[in-house]
Each structure stands twice: as C-alpha cells, then as structure tokens.
Amino acid sequence: MTLPSRKIYAVVDNNVVVEMKGISISFPGVKALDSVDFTLREGEIHSLLGENGAGKSTLIKALTGVYAIDSGSIQVLGVERRFANTADAQSAGIATVYQEINLCSNLSVGENVMLGHEVRGPFGIDWKATHAKASTYLNELGLHIEPRSPLSSHSLAIQQLVAISRAVVVDCRLLILDEPTSSLDRSEVEQLFAVMRRLKDRNVAILFVSHFLDQVFEISDRMTILRNGQLEGEYLVGAINRSTLISKMLGRELAELDLIGRAATRAIDRSGAPVLKVLGLGRKGSIEPVDLEVYDGEVLGLAGLLGSGRTELARIIYGADRADSGRVEVRGVPAHLSSPQQSAHHRIAFSSEDRREEGIIGDLTVAENLVLAVQAKRGWLQKVPRAQQQSIIDEYMVALGIKPNNPNALIRNLSGGNQQKVLLARWLATSPQLLILDEPTRGIDIGAKAEVQQLVARLAEDGMGVIFISSELDEVLRVSQRIAVLRDHRKVAEIDNAADVGVSSLVELIAKEGAA
Amino acid sequence: MTRIFKHRLIWPIAALVALIVLNSISRPSFLSITITRGQLYGSLIDILRDSAPLMLVALGMALVIATRGIDLSVGAQMAISGSVALTIIADSKTPNSLGTVVVAILAGVAITLVFGLWNGFLVAVVGIQPIIATLVLMLAGRGIALLITGGFITTITSTPYAVLSQGHVLGFPVAFLVSAIAIAIVTVLVRRTALGVLTEAVGINPSASRLAGVRSRGIVWSLYGLSGLLAGMAGILYSSNIMAADANNAGINIELDAILAVVLGGTSLAGGKFTLAGTVIGVFIIQTLTSTITFLGVPPAVTPVFKAVVVIIVCLSQSQRMRGWISGLRPPKRLVVTTPNETPIATNRTTA
C-alpha cells in the first residue's frame, strides 16, 4: 500500500514550508492577531514588519508554539499541525534564534553545535568525531571557528552564528531570526547575512525580523506587513519602496496623513536661554552625539522608527542611563544630569515608554503612585502632609479625569490610559519645567490619546518645555513646534513644524536611503 | 463577616488563636496570669518575654525583605553585640554600675549598626545579591565574636545587665517592654514618615521607583543598618538572659525563625508590601509553638519536624490555590481584575 498524501500536497504547492491561515489570537480585551495569513516558502528570506503592537511577536509565538492559536490553521510541509508547546514546533522543523542567545557559554563551540546530536562510538561519545562533524557544519556555512574553543571566548555575533548553525544540525526547515542584528556592527551583520544566504541556498526558509529597514531591503526576498493585529499585505521586495512600506506600517496613505489637522503652530520665543540645551550628548552603542535645544513653552517632537535611538536619547537626557559624551545646560547654566534625582532637582521629569516595568508601582494605590515623585523629591523623612496629599490627589484626579475616581484603588487594576494619566499627574505634581514623554499614548484608547495630546498642548501653552516621543507621526506633528528626526541612532534632521510639513515629509526624512 | 475573612491578617491570627486554644485545652493553667508582688507571671507572659529577641530581629527582617532582600547575618550579629557588651562589662572595674552597662549596650548595638551598614553597602552600592552579601557576615560574624571574647565564653555578674532579661517594670518583663518599644519606634519610623511607602515602592518595582526619583540606594542601605541595629539589641537581650557571651550559640538559626515569622505574618518573600502587625503575630506564633513543643514533651531531636509541620499548615492556609480547593474543591479561579467600567483583564496571559 502506498501513501499518496505526499504527492497530493506536492501538487498543491511545491515550495511552501509553512502556511498559516486565518490565525487569530485574543487576549482578554485585545485581539492580538485577527485572521492573519502568512506563508513561508523554501529558500526565501521573508521579513515580518510592523510597529510595536502590530502582532509580530504574537505571530512568531504562535508559530513556535508559545501561544496556542484560537482559530486558524498551521500547515508545515503540507501537514496540518497544532503546536501545544515549543517542543512540538521544534520537532516540526522550526528553529528560532533569539536576541539573547540560548546556548551554553561554558561549553565549547563544537559541543554547543552538536548538543544532543553527538557522534557516538563504542565507548560513549566520540568527541573527536563530534568536533570534526561540528567543524564540517560550521564550514558549510562559511564559518571557520575552532570547534574546541569555549563559546564564551567568542563575540556575541559569533555566538549568534553558532546558534544559527545548530539549526543546520537539527535539519530545520524554517529558521526564525528575531532581531538578530540589533547588537551587531556592520561587518558582523555582513557575516550574518552571508550565513543567511548560504542557508537559503540549502532551501531553508528564513523568517527575519529587524527594525533596521536598510537591512530588511538588503536581505529579504519578500516581506509581510502587519498592523494592529491584521495582515496589511505581502510584497516582493522589488515591488514596494521604502516610503510606501513605512506608510503601510503606520497604516495610512501619505496624502491622507497630511490632511490630519494639528494644533496651530505657535511662535516660540527663542531669545532667552533654553530650558534645556544638550551639546554632543551621546552614549556608545545607543545614540551618537546629539545637539538639542528646548525652550519654554515649546514641544520638541522626536520622530523616528522603533530602534532609531529616540528612547535612548530621552533616557540619557534624563539620566536614567549615563551619557559618555557631551554636556547639558539648564537655563544656560551647565548642569550635571546623571541620575533621576539630579534631573528631578532641576525640575526635569521623564515618563518611560514602558508603563508597566518603569512607570507604575503596581501594588500601590493610585494615590500613593500619584504622590510618589513629590515624596521622593522631599526625601523619606518629610512625609507629604495628609492635607497636601489630598489636595494633589483631588486636583489631578479631576483635572486629568482619572477613572475610576477612587484614589485607593490599586493602580494595576486601572486601564492603560488611566495608568498613563496617573503617571503624568505624578510628574505634574512636581511642577517640572521640562517634561520628557516617551510614547505617552502607546496602548491607550483613542479617547485617552486625544486627552493626553490636549494636555501636552495645554502644558506647553502654559510655558512648560516638553520633549515628546511617539511612533505615530501625525501625533508628533499635532503637538510639536519643532521636530528632530532620528534614524539609526543618529539625529538626521531638525525642522520647524510649519504648515508645509506633513507626515510625508517626515517619512521621507526617516526613510532617506543610504544611511549607514 | 466576609470582610473579616478577607482581612489579610485573618489567617495568621487564626493560627495563633488555634495554638493558644490547643494549649489551654491540654493544660488549663496556660491562660492563667498571676500577680506576685506587682509582677505578672504565667505562660503567656513567658511567651511575651521569650519572644523579645526574635521580635527585634523579625522587625528588621520584614523591612529588609520588603526591599526584595534578606538578611542572613542577624544571628551572627547577635553574637557580636553580646560579645562586645559582655567584654566591656567583664573588663570594667565597676560591672554593677548603670553607667558601665549603658556604655556596654550602646557599644554592642553601635557595632552591629556598622555591620548592618556594611551589609547594606554590599547590597545597595556594590550590587551583590542580598543572600550572598549577608551570608558573608553570617559565616564570619561568629568568628569576629570569638575574636572579641578571645575564644572563651565570657560570663559576668552585673545586676543592671540582668534586669534586661529578669527584671520587671510596671509588672511586665523588661525584655517584653524593650520589644514593645521597638515595635512602636519602627512602626512610627516607617508609617509616620514616608519610609514605609518608599520601601514598598522600591520592593515592588525598583526601576520605576528609580525613574520616579526615589533614592532607592539610600533606603535599602539604611534598612540593612536598621536590621543590624535591631539584631544587636536582640543579642544584648539574649546575653543578658544567660549572662554570658556565647559566640557559637547566640542567635543560632534565628535568621530562619525571623524569615518564617515575616512570611507567616503575610509578607511576601518577593518583596514589596510588608506588614509589621503580621510580623508581630508571626513571631508570637513561632514562640507559642516553641513553648507548646516543650510542654507537649516532644523530644528535642524531633522538634524541627514538629515545627515544620505547623509551618506547612499555616502556609497552606494562606495559599490562594489551597483555599480554593478546600472551599468546595473548586478549581482555582483565574486571576481576573476589573475596574467598574472596563472589560476584565486576565493576568495569566499577557499580550506581547
């Protein structure tokens, strides 16, 4: 008796390695993936693109068995699969290399490559043969690494390549590379790409995720764009240009984006000393030296894609991370902002993009969270008097419309938008002269978004300096008077937000080719 | 009624009451308190008195645990302070003068404050894991105490010093009063100032606290100092009880009892929210347990096993899942949090 199945599937599509159809995954209150189709073919490098929250990681986690899918089907080589866990996905031939490398750094390169596939002789493992075989595998990928050298003696880039070569040993059909290049320099990226091309020649499908668009265009054959959990489209790399790609990721046609209204551009008095002046401030590996000025009543927008260095810049200005070059002046006076306390002393406030990890104190109440920055500034000995606490709470609960209007609720039980308002209130209560907001509207609903934008505009009108970071360009345009554009960890432009500036001109600045 | 059952101290209190009931059934005299020459006597009073060293240590431990830390060196620090105080008294020409005793106590407590700050330095400034940082002093501390006493068990006769463990004031044992004052001072220190809430903030979310401008380093540092200071006082009480500085046995394993008391009281070892009232109850549970074991005639060799059983029962009674099983053998509920006008957000699965 013969099994015809293989042949039947082969007729359907000869090349398809993985076919995901109608994949939906919901988390309570959020539809993370909404009926997404995704196809990976033999010997292609396929990039998965989208901004934060688009559903990239959820899709990858569905494919690697981390999340169970709610509906839809996953076929690997024509066979319907249901992944209950990561081991299922691995046995189906799907290998993943993450940013943080999951190898044993205390073992040798060869031992790592061959782990679980060691060559056995009559007396147990034949280490000589094992290392020889590891060497063969490595050479096939063009890697000339001594297999007996300890893994920890190699750079991160080499370790990553070793992790990838493991994929060859386990004979994977699909290799997932999630942000593999984020910590590599240019020559290391070249080396990685060379290995990727060799794997491609061996008919391995590669799923590549990177927020460096240059690299995406250089290495990919095809790209799939996700937005808000939905499939935006699949494109051959030659069929789409950079600006179109960015507008697809952001979800609006360029012309349409330009029509969005914005706050009237106000004239900013730049005659006096700026609230904050930054000269050559930088940190190796995260942001190249930058000059910036923010004046009273001015909103300076930082535009750039994820990973462009916008968050890194905000963090070193605030002193959350230490700068290793440059200097800072507050109102014309040289200042030393190397810790949050020093910044708070200069009345500079910073709200992180990561609300949960770096914003809220989850198990404390709304009231305690709200008063935290004022309290921290006074030191532990001088507790903010109850009456003053109450007046701060009353004022901001109402002013920002925090719901539920219950200062004794635990903050972790509030919605994202309300948590964000509490965090803003936390800083506003310290009456800062400069407010740095990193993605203050991420992950909150439209209504709360508009409220936060209005609040920022109002604060600036009242004279506060604001640095406003957002991946939504129309939002940046709506609130900012000046916009600094960042790309690949550098400031590449700074423009006045005049009437002729639109999202398309920002996209052009962000997308400009030939950066490196 | 349901509100009472939801109070977070209900289970520790229930455990304590159960232990007391058990004791009073098996020996009716357990609850009786007699007054002899204006002084209170009885099993309950003994428990109050004997719990004093553990109480002091546990108060400090609760605060250190709230910062996501732990202090394993408290037992060794007890040995150090006892050695210092008794060496000073033994070397003094006037061991019975109040002045000598006060100087000795202050010296003993001061030196453990310094050692506590050393622990805090290792944890908060150098960034060593608390368990390792304090393990250093846990191991070295008894050696230091032995160096101070010259390798001997220093014994003294000093009436004022003996008062600490044997005397009574206002009818109550002095040791108990010392621990009561410590409870009061620490409570005022953490709740009347912002120390408590800032400590909780640091313990719950260190990076968010840092970005909010909280001087977490200073807070963590000083709490280890406070823990050292309280352990030092505990060492004084212990040495006063036996009138000897026994470097090898003073406060032996007390760090474990203190951690236990903190946990029994309902403070999570993961740090963050802490409860001093719960810790106090936890200490009484452990002390009552010790006295129960002695009374029931459990052989000393199996005492730890008996203790372990009780601890497991108390911990199980506090476990959410276990409570779910007990009340109708329902499967544990999914953690769902809601705010009035919102859809439920489950916390056991998060969006990427």
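Computed over the Cα atoms of the protein assembly as shown, pair by distinct pair, the Kirkwood hydrodynamic radius stands at 31.6 angstrom.
Per residue, the range A:51-148 exposes 50 Å² of solvent-accessible protein surface, assessed with a 1.4 angstrom probe and all protein chains in place. Chains B and A together bury roughly 3200 Å² of accessible surface, counting both sides and using a 1.4 Å probe on protein heavy atoms. The fraction of Cα-Cα pairs per 10 angstrom bin, counted from 0 for the range A:5-256, comes to 7, 29, 34, 21, 7, 1, 0, 0 percent, rounded to whole percents. Taking θ as phi - 60° and the Karplus parameters 6.51, -1.76 and 1.60, the scalar couplings of the range B:75-85 work out to x, 5, 5, 4, 4, 5, 5, x, 4, 4, 4 Hz in sequence order, x denoting glycine and proline.
Counting Lys and Arg as +1 and Asp and Glu as -1 over every other residue whose Cβ lies under 10 Å from the Cβ of A:GLY401, the net charge comes to +1.
Of B:SER73, A:SER338, the residue with the largest accessible area leads and the full order is A:SER338, B:SER73 (1.4 Å probe).
Note on A:TYR98: accessible area is roughly 70 Å² with a 1.4 Å probe, heavy atoms of protein only.
The calculated pair-distance distribution of chain B uses every alpha carbon pair, bins of 10 angstrom beginning at 0, and gives 5, 22, 30, 25, 12, 4, 1, 0 percent.
Measure out, as a whole number of angstrom, how far apart the alpha-carbon centroids of the range B:111-173 and the range B:25-85 sit. Cα centroid to Cα centroid, the span is 15 Å. In summary, the helical segments of chain A meeting the span-like criteria, namely a full DSSP H run, a Cα extent along the axis of 15 angstrom or more and a mean Kyte-Doolittle hydropathy of at least -1.0, are A:127-140, A:156-169, A:186-201, A:366-378, A:386-399, A:416-428, A:446-461.
Beyond 20 Å in Cα-Cα separation lie the following of the pairs A:LYS248/A:LYS512; A:LYS61/A:LYS200; A:LYS277/A:LYS421; A:LYS284/A:LYS491: A:LYS61/A:LYS200; A:LYS277/A:LYS421. Summed over the residues of the range A:357-431 and divided among them, the accessible surface reaches 40 Å² per residue at a probe radius of 1.4 Å.
Rounded to the nearest 20 debye, the dipole magnitude of the protein assembly as shown is 2520 debye, with +1 charges on Lys and Arg beta carbons, -1 on Asp and Glu beta carbons, and the Cα centre as origin.
With a cut-off of 11 Å between beta carbons, the residues surrounding A:HIS131 carry a summed charge of -1, where Lys and Arg count +1 and Asp and Glu -1.
Nearest 10 degrees, 0 to 90: what angle lies between the long axis of helix B:254-264 and the longest principal axis of chain B (Cα atoms)? Compared with the principal axis, the helix lies near 30 degrees.
Placing unit charges on the Cβ atoms only, positive for Lys and Arg and negative for Asp and Glu, gives the range A:357-431 a dipole magnitude near 160 debye about its Cα centre. Note on the range B:56-146: Cα Rg divided by 2.2 N^0.38 Å, N the number of residues, gives 1.19. Kirkwood Rh over alpha-carbon pairs of the range B:254-323, then Stokes-Einstein at 20 °C and 1.002 mPa s: what D in µm² s⁻¹, rounded to an integer? For these conditions, the coefficient is 168 µm²/s. Sorted largest first by accessible area at a 1.4 angstrom probe radius, with every protein chain in place, the residues A:HIS46, A:HIS345 fall in the order A:HIS345, A:HIS46. For the range B:259-277, heavy-atom accessible area (probe 1.4 Å) falls by no less than 30 Å² from the chain alone to the full protein assembly at B:LYS273. Two numbers describe the Cα atoms of chain A: Rg and Dmax, which are 25.9, 89 Å. Using a ≥ b ≥ c from the Cα gyration tensor of the range A:357-431 (square roots of the eigenvalues), is it rounded, prolate or oblate, where a/c under 1.5 gives rounded and otherwise the larger of a/b and b/c decides, a/b for prolate? Judged from the Cα gyration tensor, the range A:357-431 comes out prolate (a/c at least 1.5, a/b above b/c).
Residues whose amide H lies under 5 Å from that of A:ILE467, counting only those 5 or more places away or on a different chain, are A:LEU300, A:LEU435, A:ILE436, A:LEU437; hydrogens are built 1.01 Å from N in the peptide plane.
The angle between the Cα long axis of helix B:216-242 and the main principal axis of chain B comes to about 50°, on a 0 to 90 degree scale. Taking the C-alpha atoms only, the angle from helix B:303-318 to the longest principal axis of chain B is near 30 degrees.
For chain A, a crude dipole built from +1 on the beta carbon of Lys and Arg and -1 on the beta carbon of Asp and Glu, taken about the Cα centre, is about 880 debye to the nearest 20.
Normalised per residue, the accessible area of chain B is 46 Å², obtained with a 1.4 Å probe and no contribution from ligands, DNA or RNA. In the calculated pair-distance distribution of the range B:105-158, the portion above 19 angstrom amounts to 39 percent of the Cα-Cα pairs.
With N the number of residues in the range A:323-454, Rg(Cα) / (2.2 N^0.38 Å) evaluates to 1.08. Panel note: contact residues of the range A:322-343 (accessible area lowered by at least 20 Å² against the chain on its own; 1.4 Å probe) correspond to A:PRO340, A:GLN341. A simple rule links phi to the HN-Hα coupling: the Karplus curve 6.51 cos²θ - 1.76 cosθ + 1.60 with θ = phi - 60°, which for the range B:154-160 gives 6, 10, 9, 10, 8, 4, x Hz, with x for Gly and Pro. For B:THR159 and B:THR34, the FRET efficiency from 1/(1 + (r/R0)^6), where r spans their Cβ atoms and R0 equals 25 Å, is about 0.50.
Near A:HIS346, no amide H atom lies under 5 Å from its own; only residues 5 or more places off or on other chains count, and H is placed 1.01 Å from N.
Could you please state how large a percent of the accessible area of the protein assembly as shown is carbon and sulfur, counting protein chains only and using a 1.4 Å probe? Answer for the protein assembly as shown: carbon and sulfur cover 58 percent of the accessible area.
For the peptides B:279-290, B:177-188, the ranking by mean Cβ contacts within 10 Å, running from highest to lowest, is B:279-290, B:177-188. Pairwise alpha-carbon distances in the range B:1-154 exceed 29 Å for 43% of all pairs. How many lysine pairs does the range B:2-346 hold where the Cα atoms are under 27 Å apart and the two sit 8 or more places apart or on different chains? Final tally of qualifying lysine pairs is 5.
Solvent-accessible surface, computed for protein heavy atoms with a probe of 1.4 Å, shrinks by 40 Å² or more for the following residues of the range A:374-397 when the other protein chains are added to the isolated chain: A:ALA376, A:TRP380, A:LYS383.
The values are calculated or read from the model by the stated rules, or taken from the named source; none is laboratory data. In this text, all values refer to a predicted model and were calculated from it rather than measured experimentally. Here Cβ is always computed from backbone atoms with ideal geometry, including for glycine, and neighbour counts include all displayed protein chains. Remember, those area values only see protein heavy atoms, side chains included, never the ligands or the DNA or RNA. Shrake-Rupley method; radii C 1.70, N 1.55, O 1.52, S 1.80 Å.
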